[in-house]
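Undergrad: This is the structure I want to talk about, given as structure tokens.
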Amino acid sequence: MTVTETRSTVRGGRRPKLAGGRLVTTISLAVLAIIVLVALTGHWMAPYDPTAQDVKLGSTSPSGAHWLGTDALGRDVLSRLMVATRIALLAPVLIALGTTVIGTSLGLLAGYRRGWPDAILMRLTDLMYALPGLLILIVIVGVAGSSYAVAIIALIVLGSPADIRVIRSLAMGQRELAYVDAARTLGLTNRRIMLRHLLPNLAPTVTANLLLSFVYALGALAGLSFLGIGLPAGTADWGLMIQENFKLLHVNPWASVAPAVLITITATAATVLGDAVFERLSAGKSVSQ
């Protein structure tokens, strides 16, 4: 899966700085803040009922009444976009949290304890890497009856191995440093050393992985929706809106282009913010050390 290569950039503890510096980061943060605000208030701010159909009206281009036009069933595109924002953000956030918690916990355990925990986890991780993740995801969700909950669980399981490998690699390097030896000499338990000493030093990478997992999940869920898997037809969802309105490009291209643009903007802003947070936390760690 592409997330493997994407996350591997944080493996060595360094990431390239993005051009634009604070301005790009500020813009990205503002964009994400607006998107989150729409996700929280979209159901109340939407100018029309996103499910209300007007078959006689049908698909229309943008106008004063409908700023982004209507789809084939006469539903207001802007209203559907606003309402769909909650689903578009909530599921990827859950996947990112689940992936990060599992990947960080198991990676930290494998990298610090080594021995049989490391051997078992690495063999399982290698097995997951050998499997075609996207194909397995489509099969699992298809067999489960296009369940969105199953898609979320499957993405958490399939996305965790990448985090496990990254955190394991960094934990292996940290366990050999002097501060870990000092903690052992003081008689601290392995659990305390991992949670109170190693984990804070891995915070930059963990945070970056969290945001990258969100981006990965956002794209994966949109892809499933575009294929008609995961959500029932008619649901206000960005990926599903692209699929439903793809044939309307010659009538109202915004019905399909607008959700695609929102997916791109959200993913880009989250990636930029992840880079900025990583650089800031890494700089803080360097100063403190």
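Undergrad: Of all residues in the stretch 107-145, which are charged (D, E, K, R) and not in a helix (DSSP H, G or I)?
TA: Answer for the stretch 107-145, where residues must be charged (D, E, K, R) and not in a helix (DSSP H, G or I): just Arg114.
Undergrad: Just give me the residues in the stretch 66-88 being small (Gly, Ala, Ser), in a loop (DSSP other than H, G, I, E, B) and in contact with a Phe, Trp or Tyr (Cβ under 9 Å, 6 or more places away or on another chain), in sequence order.
TA: Across the stretch 66-88, the qualifying residue is only Gly69.
Undergrad: Let me ask something else about it. Just the residues that are part of a helix (DSSP H, G or I), more than 30 Å from Tyr129 (Cα to Cα) and either open to solvent by less than 70 Å² (accessible area, probe 1.4 Å) or of a type in the set (Val, Ile, Thr) (or both), please, taken from the stretch 180-196.
TA: Of everything in the stretch 180-196, those that are part of a helix (DSSP H, G or I), more than 30 Å from Tyr129 (Cα to Cα) and either open to solvent by less than 70 Å² (accessible area, probe 1.4 Å) or of a type in the set (Val, Ile, Thr) (or both) turn out to be Val180, Ala182, Ala183, Thr185.
Undergrad: Can you go through Thr207, Thr264 and tell me which one is touching a helix residue (DSSP H, G or I) at 6+ places or on another chain (Cβ under 6 Å), of a type in the set (Val, Ile, Thr) and farther than 18 Å from Thr60 by Cα?
TA: Thr207
Undergrad: Then there's this: Could you give me the residue pairs with C-beta distances under 9 Å whose first residue belongs to the stretch 230-254 and is free of Cβ contacts under 8 Å to residues at least 12 places away in the same chain, whose second residue is surrounded by 14 or more Cβ atoms within 10 Å (Cβ to Cβ) and among the β-branched types (Val, Ile, Thr) wherever it lies, and which are 6+ apart or on separate chains?
TA: Leu249/Val257
Undergrad: Still on this structure: Somewhere in the stretch 152-164, is a residue modelled with pLDDT of 85 or more, open to solvent by 40 Å² or more (accessible area, probe 1.4 Å), more than 30 Å from His43 (Cα to Cα) and charged (D, E, K, R)? Spell out how you get there, then give the answer.
TA: Of all residues in the stretch 152-164, those modelled with pLDDT of 85 or more come to 152-164.
From what is left, the residues that are open to solvent by 40 Å² or more (accessible area, probe 1.4 Å) are 153, 157.
With more than 30 Å from His43 (Cα to Cα) added as a condition, the list becomes 157.
Adding the requirement that they be charged (D, E, K, R) leaves none.
No, the stretch 152-164 contains no residue that is modelled with pLDDT of 85 or more, open to solvent by 40 Å² or more (accessible area, probe 1.4 Å), more than 30 Å from His43 (Cα to Cα) and charged (D, E, K, R).
Undergrad: Also: Return yes when Thr100 is in contact with a helix residue (DSSP H, G or I) (Cβ under 7 Å, 6 or more places away or on another chain), β-branched (Val, Ile, Thr) and over 30 Å from Gly42 (Cα atoms) and no when it is not.
TA: no
Undergrad: Which one is surrounded by the most Cβ atoms within 10 Å (Cβ to Cβ), of the residues in the stretch 142-151 that are within 23 Å of the chain's Cα centre (by Cα) and on the phi < 0 side of the Ramachandran plot?
TA: Across the stretch 142-151, the extreme among qualifying residues is Ala151.
The values are calculated or read from the model by the stated rules, or taken from the named source; none is laboratory data. Here the structure is a predicted model, which is why all the values come from computation and not from measurement. Quick reminder, even Gly has a Cβ in these numbers, built from the backbone with ideal geometry, and neighbours come from all protein chains shown. With ligands, DNA and RNA removed, areas are computed over all heavy atoms of the protein, side chains included. Shrake-Rupley method; radii C 1.70, N 1.55, O 1.52, S 1.80 Å.
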